[in-house]
């Protein structure tokens, strides 16, 4: 059915008058539009009618080209009449409506009036009739016939299957045909950029190639991705967020394309998907048991689905998500069997077992005699560069191995791979199960006792396997913070006969790290003894031993010496000395530099540190990044880095890393007035060993909250715990790590009338500065403390210049402004204004409001701009009002059904950060699931 729409000429050329909204630029059809312009000029010049047929399949952009042709010819003086689908049932009736005749009865009167109006208009101006509906060419020629000698241009869509008319004009009429070929890749990318608001990155552009240059399919594909919320903007480019599995809409779109293909093409796509992103035609032919030449029709058909890249010499899927869409539809049993076929093909071609690991992983079966051996070899080869893959392979081996003699070695391999990939709980479970002779509980379930199991006997036959298990167990316990248990597990490993050198090396490295972490009174001597023992066995553990000394010095507050030793350890490792993968000298050095606010040196150390495949590498980089951002006054970046570190640390169970991350998040929460979040971090930190740096930090956060809430009794109690008498063992390390701590504590002690305690504490800070020459952060803290105790403006000014931490520097400015208020008002105002601006940049509204009040006390009322005059009221601890701005945004996205990874992409956060925020949201709203969150959001 057809209807007509009269299109006015006026309006901007980028606007579709019928649709009522702006059109995006036409991409890739400039030559075709230029040809239509030539047709229009020919009609104007010859005063003869012309029929133009747009030839192209559905979705080729015919409708959009017609819209542009209407705008183009309208600008050249044509009266435009559009004919399209609708309630009228004849072309002439639609034309009547398009020309404004209406639909009077009888119909013949309308037809005559339409033709009369068309003839009249053709006498005064040229006319374009655009028909966005396939009609038989004879009918179009019949419509054109009465106006052969008139300036009429009829543009229409050529029906599918219509024989191409002669391109030579007949004596009485002209007919031209315009084929619409697929958009060039550059034009398709431009179209995607118009629809997305940013150019697609190469990965997304590769996926969009599935549309094969068809504009409508390209738009549908983008709509599908947007519907699943898997697109985000990053650095000016549109990128895919979800990469692990195909988005639902994309999966459905791919399946529709596959369903439309022939059965041989579907079989080819399935076989190719099992082989990988790219595969050789001969491999696919071997799986399908067909000659390569017989694949040609299926390859052409499969390429026509858009899933394969037709320009590749191999059978290559345009994107991994498309391959995953094909695999998802294969029954699991069939998929596993195909993986076994693919494994045999690749091994026969001479590929390494590691390269064939995906087929081995997904096709492993207990009945295959070589499966366990292949899994063990592949896991061993993957361990150094990809411990996550090694863990998958080894765990798969544990599941399929049937030989008791091979079970325990496989468990040892799996325990180490899980350890290196961050699955510490699983590693401990595997190691304990194997050492107890239960093969992770399986032999015990079978009714065997640990002493009589064949696995235990096999393990006892070779000392290498139990030594490897004990080393993995000890390392996992070390990373979890159980240092005595780690040392106990290692007791006999290095000296046991028959232990391989690599296992002995790892055991000695773990013992050194555990001794340093335990920090016993004779730790230094015991570390030196281990180093001598290793040297006698031909092992140079100098880098690890020197780094352990650095840890001991840091704990004792000798930060300058710790920095020297950490740098020395990194240099020794560069020269070939050994260090453990879990205590990198380079990253440890960078973290110490970051904690001391030595930003430039820390960034250089991070850049120089080698990228390690183990999970501790990214974790240490997150922690260093959080400290750097906090020191530089970039709270959003600091929060993102710290939340990422917290997520990784909690997943692995690394208490020390979790506490480091929480210290940053707690500082940010206090600065931003998010007291409930700060309270939660403080509670976790206080559960650390009494008077350790983490526990003292938790008490300090509590003291800051008490001060902010003007609770003097609670503040006095917290101050007694923050710095008891005598000074706590972890106090020096806290002073080194937290530059704002010392001045804050002195200020709080003075405020509560405890000058004697403040003076005694000041002496400790001065002694610490003397012991650490050349460290600006510690000397700035000492100057700040001296300025507060002695009312010394020079010392406070020096502290403001020397502080490496943004918040500490700003608080020194505020203290200086307060001191100057009684002697130099103008300078006090300038200093407080600088502090106010700095607090505002940090997002510390409560501190900014306090600085603003001090300015008002000096008569500077005009300085109140957009910030409130009083401190921000304390945020409620529960309910929607308790959510921060970031938490509200995360909650809204989660309520819409978005995954953590999708939310992370939208908000430029890491998935670990999103998970952290969701935990806060669930706690504040007293809910336990996303469904409850969605219901809460709906109620709100």
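With a cut-off of 11 Å, note down the residues of segment 62-83 whose backbone N falls inside the zone around a label point 7 Å from the Cα of residue 194 toward its beta carbon.
64-65, 68
So between residue 113 and residue 226, what do we pick up on full extension, going 0.36 nm a residue minus the alpha carbon distance?
Extending this stretch completely gives an extra 35.8 nm.
Under a crude label model (7 Å from the Cα following the beta-carbon direction), how far is residue 878 from residue 373 in nanometres?
6.4
Assuming a ≥ b ≥ c are the square roots of the Cα gyration tensor eigenvalues, decide whether the chain counts as rounded (a/c under 1.5), prolate (otherwise, with a/b larger than b/c) or oblate.
oblate
How big is the gap, in Å, between the Cα center of segment 110-160 and the Cα center of segment 594-630?
72
State the extension gain, in nm to one decimal, for the chain segment bounded by residue 402 and residue 794, taking 0.36 nm per residue of separation less the distance between their alpha-carbons.
In short, 133.4 nm is gained.
Could you work out [θ]222 nm for the chain from helices alone, using -39500 (n - 2.57) per DSSP H run of at least four and dividing by all its residues? Round to the nearest 500 deg cm²/dmol.
Here the helix-only value at 222 nm equals -19500 deg cm²/dmol.
In square nanometres, what is the average projected area of the Cα convex hull of segment 475-558?
About 5.3 nm², averaged over all directions.
Output the 0 to 90 degree angle, nearest 10, between the alpha-carbon long axis of helix 741-751 and the longest principal axis computed from the alpha carbons of the chain.
70
Counting just the Cα atoms, what span does segment 228-344 cover along each of its three principal axes? Round to the nearest Å and put the largest first.
On the principal axes, segment 228-344 reaches 47, 30, 25 Å in Cα extent.
In Å and whole numbers, how far do the C-alpha atoms of segment 629-676 stretch along each principal axis, longest first?
The principal-axis extents, from largest down, are 28, 23, 13 Å.
Would segment 523-618 count as rounded, prolate or oblate if I go by the C-alpha gyration tensor, calling it rounded below 1.5 in a/c and otherwise prolate when a/b exceeds b/c, oblate otherwise?
Verdict is oblate for segment 523-618.
Stretch residue 725-residue 751 to full length: gain in nm at 0.36 nm per residue minus the Cα-Cα span?
In short, 7.5 nm is gained.
Once a ≥ b ≥ c are taken as the square roots of the eigenvalues of the Cα gyration tensor of segment 649-863, is the result rounded (a/c under 1.5), prolate (a/b larger than b/c) or oblate (a/b not larger than b/c)?
Verdict is prolate for segment 649-863.
Apply 1/(1 + (r/R0)^6) to the Cβ-Cβ distance of residue 556 and residue 259, taking R0 = 56 Å, and write down the FRET efficiency to the nearest 0.05.
0.20
Say each of residue 145 and residue 33 gets a label point 7 Å from the Cα, pointing the same way as Cα to Cβ; how far apart are those two points in nm?
Once both label points are built, they end up 3.6 nm from each other.
Can you list the equivalent-ellipsoid semi-axes of segment 880-939, largest first and in whole Å, using the square root of 5 times each Cα gyration tensor eigenvalue?
17, 12, 10
Any idea what angle helix 30-46 forms with the longest principal axis of the chain, computed on alpha-carbon atoms, 0 to 90 degrees, nearest 10?
20
Please list, by residue number, everything in segment 333-368 whose backbone N is under 19 Å from a paramagnetic label point 7 Å out along Cα→Cβ of residue 901.
Hits in segment 333-368 for residue 901 at 19 Å: 358, 362.
What's the center-to-center distance, using Cα atoms, between segment 329-361 and segment 392-429 in Å?
21
Helix 371-383 against the longest principal axis of the chain: what's the angle in degrees, Cα atoms only, rounded to the nearest 10?
Helix 371-383 sits at roughly 70 degrees to that axis.
Nearest 0.05, what FRET efficiency do residue 282 and residue 233 give at R0 = 45 Å with Cβ-Cβ as r?
Between residue 282 and residue 233 the formula returns 0.60.
Quick one: if the Förster radius is 56 Å, what FRET efficiency do residue 759 and residue 201 give, using the C-beta to C-beta distance and rounding to 0.05?
Efficiency at R0 = 56 Å is approximately 0.40.
Every number in this text was worked out from the coordinates using simple rules, so none of it is lab data. Computed from a predicted structure; not experimentally measured. Every residue, glycine as well, gets a Cβ built from its backbone with ideal geometry; the counts of neighbours run over all protein chains shown.
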